[in-house]
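Below: one structure, written as structure tokens.
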Amino acid sequence: TKGTDATFNVTVNGETFDMKRSSNTVNLDGMEVTFKGTFEDDGEGVSFTTTADSDKIVDAVKAFVEDYNKMVTDLHNAYSTMPLQKSNGSSYEPLTEDDENSMTETAIKNHEEKAKTGLLFGDIDLQGLYTKLTSAIQGGENMAVLKSIGLEVAYGNGLSTIDLDEDALRKALDTDPDKVKNAFSQTVANGASSNGLMYNLKDVLEQ
């Protein structure tokens with residue numbers, strides 16, 4: 001028997017549509033729905049409500065916050081850590097082959113770690129990247145929106161990092177998930193008044 005299109009009437013967020021699809025699986029308001037059978041139009045239909053998968057989203061945001069904080073911390077430490085000096089005031093120079101022959105493997109490793117410390121001290125490019133990344137998460141309208149969904153700038157030990165209020169994020173996801181999405185992904189090019197956090201960070205990193 002030749003197959004026929006699925007025809008159905010659907011009301012999503014208060015708007016009603018008559019639809020026809022060649023597949024039994026359709027996308028309705030970002031949700032995949034599969035029709036398993038047919039039923040007569042008796043006025044009752046099938047009704048259900050949906051909520052965001054908060055656990056999955058919260059885990060993704062937590063991972064982002066951890067990655068961001070590690071990135072800016074590593075950058076800050078790289079350009080702000082001064083080179084180490086020996087007790088006599090001399091620097092840790094690279095080891096020669098003769099030096100290595102007279103030292104244990106552990107001693108060589110320790111010396112190399114000390115010699116590498118502070119190699120990027122005062123690096124202007126790293127300092128500029130750190131400044132741009134921290135600026136991307138603070139200031140103006142975007143900062144207020146981020147705070148309302150549980151993301152707030154934290155200052156300590158000379159660092160600007162992000163603190164996550166998980167309860168505030170979950171509340172925002174339950175009450176206004178689009179607000180959370182837009183805080184990360186909206187763009188001025190698509191009509192928003194300001195760019196979202198991920199767009200701002202992406203812009204910095206691409207530079």
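Taking residues in the stretch 26-44 that are farther than 22 Å from GLY3 by Cα and in a loop (DSSP other than H, G, I, E, B), and partners anywhere that are of a type in the set (A, V, I, L, M) and at pLDDT 80 or above, the pairs with Cβ atoms closer than 9 Å and at least 6 places apart or on different chains are ASP29/VAL12.
Restricting attention to the stretch 24-47, the residues that are open to solvent by 70 Å² or more (accessible area, probe 1.4 Å), over 20 Å from SER185 (Cα atoms) and within 31 Å of the chain's Cα centre (by Cα) add up to 2.
If you filter the stretch 123-164 down to residues that are in contact with a strand residue (DSSP E or B) (Cβ under 7 Å, 6 or more places away or on another chain) and charged (D, E, K, R), you find that the one that is farthest from TYR68 (Cα to Cα) is GLU152. The residues of the stretch 48-72 that are at pLDDT 95 or above, open to solvent by less than 40 Å² (accessible area, probe 1.4 Å) and not hydrophobic (A, V, I, L, M, F, W, C), listed by number, are TYR68, ASN69. Residue count for the stretch 81-113 satisfying the condition of being more than 24 Å from LEU126 (Cβ to Cβ) and of a type outside the set (Gly, Ala, Ser): 17. Scanning for something part of a loop (DSSP other than H, G, I, E, B) and out of contact with any Gly (no Cβ under 8 Å at 6 or more places or on another chain), does the stretch 195-206 turn up at least one residue? Scanning the stretch 195-206, I find at least one residue that is part of a loop (DSSP other than H, G, I, E, B) and out of contact with any Gly (no Cβ under 8 Å at 6 or more places or on another chain), so the answer is yes. For the stretch 1-22, the candidate set comprises residues that are among the hydroxyl-bearing types (Ser, Thr, Tyr) and assigned to a strand (DSSP E or B); within that set, the residue that is surrounded by the fewest Cβ atoms within 10 Å (Cβ to Cβ) is THR16.
The values are calculated or read from the model by the stated rules, or taken from the named source; none is laboratory data. Please read all numbers here as calculations on a predicted model, not as lab measurements. Reconstructed Cβ throughout: ideal geometry from the backbone, glycine too, with neighbour counts over all protein chains shown. Only protein heavy atoms, including side chains, enter the accessible area calculation; ligands, DNA and RNA are left aside. Shrake-Rupley method; radii C 1.70, N 1.55, O 1.52, S 1.80 Å.
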